[in-house]
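Engineer: Right, I'll just put the structure down here and ask away after.
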Amino acid sequence: MNPVESLIIFSLIVASLTVIFLPRKGLLAKWKHTIRSTERVLIEDALKHLYDREYNQLGCTLQSIAGNLEINSDKATNLVERLEKLGLINSKDGKLSLTPKGRSYALRVIRVHRLWEKYLSEKTGVPEIDWHDKAEWKEHELTPEQADDLAASIGNPLFDPHGDPIPTSDGRIPRKEGVPLSSLKEGNAARIIHIEDEPKAVYAQLLALDLHLGSQIIMIENTRERIKFESDGDEKVLAPIFAANVTVKLFERKTDVQKNFITLSNLKVGEKGTVLKISNALRGQERRRLMDFGIVPGAEIAVEMKSPSGDPTAYLIRDAIIAFRKNQSDHIFIKK
């Protein structure tokens with residue numbers, strides 16, 4: 001081997017070793033970072049699971065962690081041992097519980113998750129069905145300081161768009177309220193205060209029924225086979241297992257129950273009404289746009305004309321004519 005070939009080979013070896021072992025940017029450093037990141041994600045997901053079980057007064061076990069995180073028993077065992085060594089959980093008689101340190105950590109992760117869902121609902125056009133998945137990624141990325149900045153940018157909200165309370169920066173969170181929709185008796189009147197977004201298939205079904213926070217519920221029929229109820233005046237039917245994912249709060253006074261539900265889309269040309277409220281189905285930029293047009297409680301609105309196809313419809317609001325599509329006017333409640 002001549003000197004030139006030896007020099008080339010030596011240079012290639014040096015370059016290869018540099019690529020592998022370069023501090024922070026080398027392949028080995030990146031591989032270690034990936035391993036640490038993966039471990040951190042598992043730790044944070046496990047802490048979230050433990051907190052959720054505690055918040056809902058349910059027990060947590062090795063098996064429930066394995067099922068929730070979709071990992072095998074061996075990996076779950078190693079994870080639990082790691083959590084114990086870090087002082088994040090306690091284990092006794094097969095039951096797992098958070099330590100104060102673990103609970104604080106879990107709440108920091110949950111805070112980011114719910115803030116990001118609120119951000120997506122208020123500031124973007126991301127579909128509701130995708131909020132949770134996107135927040136699942138973001139919750140592992142933001143620092144507590146970045147979470148505080150995010151909260152300030154969206155008005156320091158108290159609840160996420162599903163009705164879950166957002167922990168404060170110092171870890172305070174209100175107690176769980178309400179009862180499952182499936183527990184209501186015939187004739188009970190209540191308001192939706194929470195819609196569970198997992199599992200995704202069930203959440204998609206609830207969205208398809210146009211159920212939203214703030215919707216008024218009147219129970220019509222509750223059997224083992226089905227649950228029939230009114231939601232803001234529209235009759236709906238759900239399987240009991242799906243209805244259990246909706247939390248409601250009973251009205252304290254009968255006078256709080258709204259009797260008649262008329263939407264803007266019910267008006268005919270020449271008719272007018274007074275705005276009562278905008279459904280929570282309309283949120284973020286779309287909701288603010290409607291309010292900028294004058295769609296606020298107490299505002300008078302009249303139907304000027306309908307397009308040949310019937311959609312959109314032109315309305316007179318504050319001496320201005322504005323067109324709304326039916327999927328918007330269906331969510332504006334009025335009284336004649």
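Engineer: When you check Val303 against the structure, is it in contact with a Ser or Thr (Cβ under 9 Å, 6 or more places away or on another chain), more than 22 Å from Asp197 (Cα to Cα), among the β-branched types (Val, Ile, Thr) and surrounded by fewer than 16 Cβ atoms within 10 Å (Cβ to Cβ), yes or no?
Structural biologist: When the stated conditions are applied, Val303 does not pass them.
Engineer: Same structure again: Identify the residue in segment 21-80 that is of a type in the set (Val, Ile, Thr) and modelled with pLDDT of 90 or more and, among all such residues, is nearest to Glu141 (Cα to Cα). Walk me through it before giving the result.
Structural biologist: First, pick out the residues of segment 21-80 that are of a type in the set (Val, Ile, Thr): 34-35, 38, 41, 43, 61, 65, 71, 77, 80.
Okay, now just the ones that are also modelled with pLDDT of 90 or more, so 41, 43, 61, 65, 77, 80.
Numbers: Val41: 10, Ile43: 14, Thr61: 27, Ile65: 22, Thr77: 25, Val80: 22 Å.
Residue satisfying both the conditions and the ranking: Val41.
Engineer: Then there is this: Need the failing condition index for Ile262 against (1) without any contact (Cβ under 8 Å) to a residue 60 or more places away in the chain; (2) surrounded by fewer than 16 Cβ atoms within 10 Å (Cβ to Cβ); (3) within 17 Å of Tyr315 (Cβ to Cβ), just the number.
Structural biologist: Condition not satisfied by Ile262: (1).
Engineer: For segment 74-115: of the residues being part of a helix (DSSP H, G or I) and of a type in the set (Lys, Arg), which is surrounded by the fewest Cβ atoms within 10 Å (Cβ to Cβ)? Quick ask: steps written out before the conclusion?
Structural biologist: Applying the first criterion (part of a helix (DSSP H, G or I)) to segment 74-115 yields 74-85, 100-115.
Now narrow it down to the ones that are of a type in the set (Lys, Arg): 75, 82, 85, 101, 103, 108, 111, 114.
Values: Lys75: 14, Arg82: 15, Lys85: 9, Lys101: 12, Arg103: 18, Arg108: 20, Arg111: 24, Arg114: 23.
Among residues in segment 74-115 that are part of a helix (DSSP H, G or I) and of a type in the set (Lys, Arg), the one surrounded by the fewest Cβ atoms within 10 Å (Cβ to Cβ) is Lys85.
Engineer: Select from segment 188-224 the residues that are more than 26 Å from Glu252 (Cα to Cα), without any contact (Cβ under 8 Å) to a residue 24 or more places away in the chain and not small (Gly, Ala, Ser) and write down the one among them that is surrounded by the most Cβ atoms within 10 Å (Cβ to Cβ).
Structural biologist: The residue in question is Pro199.
Engineer: Name the residue that is nearest to the chain's Cα centre (by Cα), counting only residues in segment 187-212 that are in a loop (DSSP other than H, G, I, E, B) and within 16 Å of Asp234 (Cα to Cα).
Structural biologist: Ranking the qualifying residues of segment 187-212, first place goes to His212.
Engineer: Which residues, counting only those in segment 172-212, are touching a Pro at 6+ places or on another chain (Cβ under 6 Å) and either β-branched (Val, Ile, Thr) or within 30 Å of Lys101 (Cα to Cα) (or both)?
Structural biologist: Start the filter on segment 172-212 by keeping residues that are touching a Pro at 6+ places or on another chain (Cβ under 6 Å), which leaves 173-174, 182.
Within segment 172-212, Ile173, Pro174 qualify.
Engineer: Right, here's the next one. Outside any loop (DSSP other than H, G, I, E, B), more than 26 Å from Val202 (Cβ to Cβ) and in contact with a strand residue (DSSP E or B) (Cβ under 9 Å, 6 or more places away or on another chain) - does that describe any residue in segment 232-241? Reasoning before the result, please.
Structural biologist: The initial filter retains those residues of segment 232-241 that are outside any loop (DSSP other than H, G, I, E, B), namely 234-238, 240-241.
If we keep only those that are more than 26 Å from Val202 (Cβ to Cβ) as well, we get none.
Among the residues of segment 232-241, not one is outside any loop (DSSP other than H, G, I, E, B), more than 26 Å from Val202 (Cβ to Cβ) and in contact with a strand residue (DSSP E or B) (Cβ under 9 Å, 6 or more places away or on another chain), which makes the answer no.
Engineer: Out of Asn245, Asn280, I need the residue that is polar (S, T, N, Q), in the same structural domain as Glu196 (by TED's automatic domain parsing) and surrounded by 15 or more Cβ atoms within 10 Å (Cβ to Cβ). Which one?
Structural biologist: Asn245
Engineer: May I ask you to list the residues in segment 277-316 that are in a strand (DSSP E or B) and hydroxyl-bearing (Ser, Thr, Tyr)? Show your work before the answer.
Structural biologist: If we filter segment 277-316 for residues that are in a strand (DSSP E or B), which is where we start, we get 277-278, 300-306, 313-316.
Hits for segment 277-316 are Thr313, Tyr315.
For every residue, the table says whether it meets (1) closer than 30 Å to Glu225 by Cα; (2) free of Cβ contacts under 8 Å to residues at least 60 places away in the same chain.
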| position | (1), (2) |
| --- | --- |
| Val112 | no, yes |
| Lys123 | no, no |
| Val126 | no, yes |
| Leu150 | no, yes |
| Asp170 | no, yes |
| Gly178 | yes, no |
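Engineer: State whether the residues of segment 142-165 include one that is in a loop (DSSP other than H, G, I, E, B), over 14 Å from the mean Cα position of the chain (by Cα), acidic (Asp, Glu) and surrounded by fewer than 20 Cβ atoms within 10 Å (Cβ to Cβ). Write out each step before concluding.
Structural biologist: First, pick out the residues of segment 142-165 that are in a loop (DSSP other than H, G, I, E, B): 142-143, 154-158, 160-164.
Of the ones still in play, those that are also over 14 Å from the mean Cα position of the chain (by Cα) are 142-143, 154-156.
Filter once more, so that each one left must be acidic (Asp, Glu): none.
No, every residue in segment 142-165 fails to be in a loop (DSSP other than H, G, I, E, B), over 14 Å from the mean Cα position of the chain (by Cα), acidic (Asp, Glu) and surrounded by fewer than 20 Cβ atoms within 10 Å (Cβ to Cβ).
The values are calculated or read from the model by the stated rules, or taken from the named source; none is laboratory data. Nothing here was measured: the structure is a model prediction, and the numbers come from that model. With ideal geometry, Cβ positions are generated from the backbone for all residues, glycine too; neighbour counts draw on all protein chains shown.
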